[in-house]
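Worksheet: one structure, shown below.
The values are calculated or read from the model by the stated rules, or taken from the named source; none is laboratory data. Because the structure is a prediction, the values reported are computed rather than measured. With ideal geometry, Cβ positions are generated from the backbone for all residues, glycine too; neighbour counts draw on all protein chains shown.
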2 protein chains.
Amino acid sequence: MDETLLMLPGPTNVAPRVLNAIAKNVVNHRSAIFGEIYTETTELMSKLFKTENNSYLITGSGTAAMEAAIANVTAKDDEILNVIGGKFGERLRDITKAHGGKVNELNIEWGTAVTAQQIKDALDENENIKAVSVVHNETSTGVATDIKAIGKVMDNYDALYIVDTVSSLGGDYVDVDKYKIDICFTGSQKCLAAPPGMAAITLSDDAWKVVDSVDSNTYYLDLKKYRKSGAGTPPETPYTPSVTLIYGIYEALKMIEEEGLDKRIVRHETAAKATREAAKALGLELFPQEEVSSTTVTAIKMPKGVSDSDLRGTMRNDYKVELAGGQDHLKGNIFRIGHMGNITYKQLAITFSSLAMTLKRLGFDVDLGAGVCAVNDTYM
Amino acid sequence: MDETLLMLPGPTNVAPRVLNAIAKNVVNHRSAIFGEIYTETTELMSKLFKTENNSYLITGSGTAAMEAAIANVTAKDDEILNVIGGKFGERLRDITKAHGGKVNELNIEWGTAVTAQQIKDALDENENIKAVSVVHNETSTGVATDIKAIGKVMDNYDALYIVDTVSSLGGDYVDVDKYKIDICFTGSQKCLAAPPGMAAITLSDDAWKVVDSVDSNTYYLDLKKYRKSGAGTPPETPYTPSVTLIYGIYEALKMIEEEGLDKRIVRHETAAKATREAAKALGLELFPQEEVSSTTVTAIKMPKGVSDSDLRGTMRNDYKVELAGGQDHLKGNIFRIGHMGNITYKQLAITFSSLAMTLKRLGFDVDLGAGVCAVNDTYM
């Protein structure tokens, strides 16, 4: 099997302990024994979301949760404010459109973060806004948004506050109840460091009121069904879930608990700082404004004259380190280093060791130790 | 971990070889190495569907594929003929409604199978029927439908032929191209005997024409995106897939290939016959008409005066054999024995050994060896 080091913004390297967990016998998903696993896992999810509300597991990728969040609260012609500063903001807009919502775009320059004031202005401008979608950590640009500050604004408006924490939950500060978030969701393969294929979502009472008032045109992602099945005896999912992945998420959540969430977030912050410093030490330029840069993924401008396949191809083929490229119009213009999940100085030492050699081979005059030195400096 | 023998119509007992496969390292789903796994797996799926067309993998349960099949071809007020003889026929109707389709119900008594003539009559009665949904193997009632005969009828009409083979593909005869099926789909945890959480779907050229003409209101299940990503370099899925489950499905499909599909189907037929004979030998009555009984799951009437928890509870708690109950109005009135996937005489010997003891304890005058004797008779 492939042993390439994944330095991606998902999927991340999965711990052997989690891989062992998913290889256990499949149990009946309509049995008491599954009900226990389901309950323990969703309770750990709610704890991670920092909410008193229930969480639900969706068998699907993060995009399924994005659609569930939008589709269940959007009736035809409902006005939705979609903040767009990257690919995932665009995706939430496209989903809003697909479900007949009237899109209000709040476009910000890719690489920058929306401010609470901008959200306030947009809400003041159109009092019919029913919900606002914000991407906490825009994976495509490496930008983190101040969802706490936005939450303070949202608290003064009736509009639902929908926050995509697919690539941040478990690696950055998310406090659903304190930030007044109405709908929050995440994916299994990002900071949770479980394999891909599951998503989780939680809704506030206010959100459920809206869900109950909307005749959604989605079936598989109809959250009313998840609520009903989750409250059953035994608790279960409406449709056959990915039982093995739930084993994996449970194990991954236990690992987070053992590490301690605050300690884990500091570890992510350290890795992010080390990555930024190491990139700069190798003469590279960060793509986003540094003050809003993500704690889980760092976007770096592609050096002039270097193609994506030169840089990432060499890293992958010769050094067995997989970085992410840019998406859409950023393709070829940036590359991204994911440092989410279980990343420590070890993986960063490997990454910047190989990145330095790659740049040297591409003709750049780099100090081969400068990247790793900056990593070590940060960790010291 | 739980060692209960699953005699369910999914999930089924997963072979250690498949469980080992899913515990392998997660690779990047946007890499050439994943593209190879994806291509090999979808090619094996098409081979199993017996179609020249491409297959696509959806991270989700069988219900996600059901919705994909309906949502992508149903525009508002399109007339869809839903054949309903059980819970999954109903589900396809509910999905049709959710997507704005005009439902034409063809209701048949639960426990019986729709005939090709009934389909023909329904199509002759309403020439606006755009698509017909048929459940090949109605898991809720243990009935198999003659999808080959219906295919001969469908060939004379423009309406799309949508066949749900979630609980039959790999255990009963399905020949997508020969039966003129336009949209066919299945789940990972039934006859494929992989863990739950993935679905597969294939579409004919005629079906794609309709898909291209419909502005679907689904995003995650928008099949146009699966076609586009599947044709990319490397081939991939539009959204992060359940990589580990794809490893599992690949391994399960290799096992099917090694066994040989025809041999495997005969094995399922033998298990079905053994189950029916053994049930009758214990004085039990089959729920469906025997001539249309399923090769993958047998539905049996609950003996008079026995509750579901008496029978299935004793089997589960005292004998560690898990059977399925009835669903909806059949709850408490039937129980079901799944014999799909890797089932041989061994699991049936255990099942009918424990079922005989359970019935005896519930006060029935049964010959404790009669069930297993009938199993052995069938296999001899």
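Residues in the stretch A:118-143 that are in a strand (DSSP E or B) and more than 18 Å from A:Glu90 (Cβ to Cβ): A:Ile129, A:Lys130.
The numbered conditions (1) surrounded by 13 or more Cβ atoms within 10 Å (Cβ to Cβ); (2) under 18 Å from B:Thr351 (Cα atoms); (3) within 14 Å of another protein chain (Cβ to nearest Cβ) are all true for B:Gln327 except (2). Scanning the stretch B:228-278 for residues that are within 14 Å of chain A (Cβ to nearest Cβ) and among the hydrophobic types (A, V, I, L, M, F, W, C) yields B:Val243, B:Leu245, B:Ile246, B:Ile249, B:Ala252.
The conditions of being free of Cβ contacts under 8 Å to residues at least 60 places away in the same chain, of a type in the set (Gly, Ala, Ser), in contact with a Ser or Thr (Cβ under 7 Å, 6 or more places away or on another chain) and away from chain A (no Cβ under 14 Å) are not met by B:Gly363. The lone criterion from (1) within 18 Å of A:Val210 (Cα to Cα); (2) touching a residue at least 40 places away in the same chain (Cβ under 8 Å); (3) within 14 Å of chain B (Cβ to nearest Cβ) left unmet by A:Gly101 is number (2). Report whether or not B:Thr51 is of a type in the set (S, T, N, Q), more than 10 Å from chain A (Cβ to nearest Cβ) and crowded, with 19+ Cβ neighbours inside 10 Å. Criteria met by B:Thr51.
The listed residues are B:Glu109, B:Glu67, and the only one of them that is within 7 Å of another protein chain (Cβ to nearest Cβ) and within 24 Å of B:Val135 (Cβ to Cβ) turns out to be B:Glu67.
Every test in (1) surrounded by fewer than 22 Cβ atoms within 10 Å (Cβ to Cβ); (2) of a type in the set (D, E, K, R); (3) under 24 Å from B:Ala271 (Cβ atoms) is passed by B:Asp164 save one, and that test is (1).
Of all residues in the stretch A:204-234, those satisfying the criterion of being touching an Asp or Glu at 6+ places or on another chain (Cβ under 7 Å) and either among the aliphatic types (A, V, I, L, M) or under 29 Å from A:Thr296 (Cα atoms) (or both) are A:Ser204, A:Ala207, A:Leu221. For the stretch A:122-139, state whether one or more residues are in contact with an Asp or Glu (Cβ under 9 Å, 6 or more places away or on another chain), within 14 Å of chain B (Cβ to nearest Cβ) and crowded, with 18+ Cβ neighbours inside 10 Å. Within the stretch A:122-139, one or more residues are in contact with an Asp or Glu (Cβ under 9 Å, 6 or more places away or on another chain), within 14 Å of chain B (Cβ to nearest Cβ) and crowded, with 18+ Cβ neighbours inside 10 Å. Scanning the stretch B:149-165 finds one or more residues that are closer than 30 Å to B:Pro16 by Cα, under 15 Å from the mean Cα position of the chain (by Cα) and outside the structural domain of B:Arg267 (by TED's automatic domain parsing).
Residue check: B:Glu3 meets all listed conditions (1) assigned by TED's automatic domain parsing to the domain that holds B:Asp175; (2) over 19 Å from the mean Cα position of the chain (by Cα) but one, namely (1). Counting the residues of the stretch B:181-225 that are of a type in the set (A, V, I, L, M, F, W, C), outside any helix (DSSP H, G or I) and surrounded by fewer than 21 Cβ atoms within 10 Å (Cβ to Cβ) gives 1.
Just one residue in the set A:Lys280, A:Lys273, A:Lys301 is out of contact with any Gly (no Cβ under 9 Å at 6 or more places or on another chain), outside the structural domain of A:Gly85 (by TED's automatic domain parsing), without any contact (Cβ under 8 Å) to a residue 60 or more places away in the chain and surrounded by fewer than 22 Cβ atoms within 10 Å (Cβ to Cβ); that residue is A:Lys301. Which residue pairs have Cβ atoms closer than 6 Å, lie 6 or more positions apart in sequence or on different chains, and pair a first residue in the stretch B:210-234 that is under 18 Å from B:Asp182 (Cβ atoms) with a second residue that is of a type in the set (D, E, K, R) and surrounded by 16 or more Cβ atoms within 10 Å (Cβ to Cβ)? Final answer for the pair search is B:Ser216/B:Asp222; B:Leu221/B:Glu67. Given the condition of a type outside the set (Ser, Thr, Tyr), under 25 Å from B:Ile95 (Cβ atoms) and not in a helix (DSSP H, G or I), answer yes or no: does some residue in the stretch B:10-23 qualify? So far as the stretch B:10-23 goes, yes, one or more of its residues are of a type outside the set (Ser, Thr, Tyr), under 25 Å from B:Ile95 (Cβ atoms) and not in a helix (DSSP H, G or I). The test for being more than 13 Å from every other protein chain (Cβ to nearest Cβ), farther than 20 Å from A:Pro241 by Cβ, touching an Asp or Glu at 6+ places or on another chain (Cβ under 8 Å) and among the charged types (D, E, K, R) does not hold for A:Lys87. Only one of the numbered conditions (1) at pLDDT 95 or above; (2) in contact with a Phe, Trp or Tyr (Cβ under 8 Å, 6 or more places away or on another chain) is violated by A:Lys24, and that is (1).
Look through A:Ile70, A:Ile58, A:Ile80, A:Ile95 and report the one residue that is buried (at least 21 other Cβ atoms within 10 Å of the Cβ), within 21 Å of A:His136 (Cα to Cα) and without any contact (Cβ under 8 Å) to a residue 40 or more places away in the chain. Of the residues listed, the single one that is buried (at least 21 other Cβ atoms within 10 Å of the Cβ), within 21 Å of A:His136 (Cα to Cα) and without any contact (Cβ under 8 Å) to a residue 40 or more places away in the chain is A:Ile95. Out of the residues in the stretch A:169-227 that are at positive phi and within 14 Å of another protein chain (Cβ to nearest Cβ), which is nearest to the chain's Cα centre (by Cα)? By that ranking, first place goes to A:Ala193. Residue count for the stretch B:313-324 satisfying the condition of being crowded, with 17+ Cβ neighbours inside 10 Å and either in contact with a Gly (Cβ under 6 Å, 6 or more places away or on another chain) or in contact (Cβ under 8 Å) with a residue 40 or more places away in the chain (or both): 7.
Matching residues to (1) in contact with a strand residue (DSSP E or B) (Cβ under 9 Å, 6 or more places away or on another chain); (2) modelled with pLDDT of 95 or more; (3) within 18 Å of B:Tyr161 (Cβ to Cβ); (4) in the same structural domain as B:Gly100 (by TED's automatic domain parsing):
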{"site": "B:Ser31", "(1), (2), (3), (4)": "yes, no, no, yes"}
{"site": "B:Ser46", "(1), (2), (3), (4)": "yes, yes, yes, yes"}
{"site": "B:Lys50", "(1), (2), (3), (4)": "no, yes, yes, yes"}
{"site": "B:Ile58", "(1), (2), (3), (4)": "yes, yes, no, yes"}
{"site": "B:Val73", "(1), (2), (3), (4)": "yes, yes, yes, yes"}
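Pull up the stretch B:1-42, narrow it to residues that are among the acidic types (Asp, Glu) and either within 30 Å of B:Arg316 (Cα to Cα) or buried (at least 23 other Cβ atoms within 10 Å of the Cβ) (or both), then point me to the one that is farthest from the other protein chains (Cβ to nearest Cβ). Per the stated criteria, the residue is B:Glu3.
For the stretch A:43-56, a residue qualifies if it is in a helix (DSSP H, G or I) and either within 18 Å of the chain's Cα centre (by Cα) or over 17 Å from A:Met255 (Cα atoms) (or both), and the qualifying residues are A:Leu44, A:Met45, A:Ser46, A:Lys47, A:Leu48, A:Phe49.
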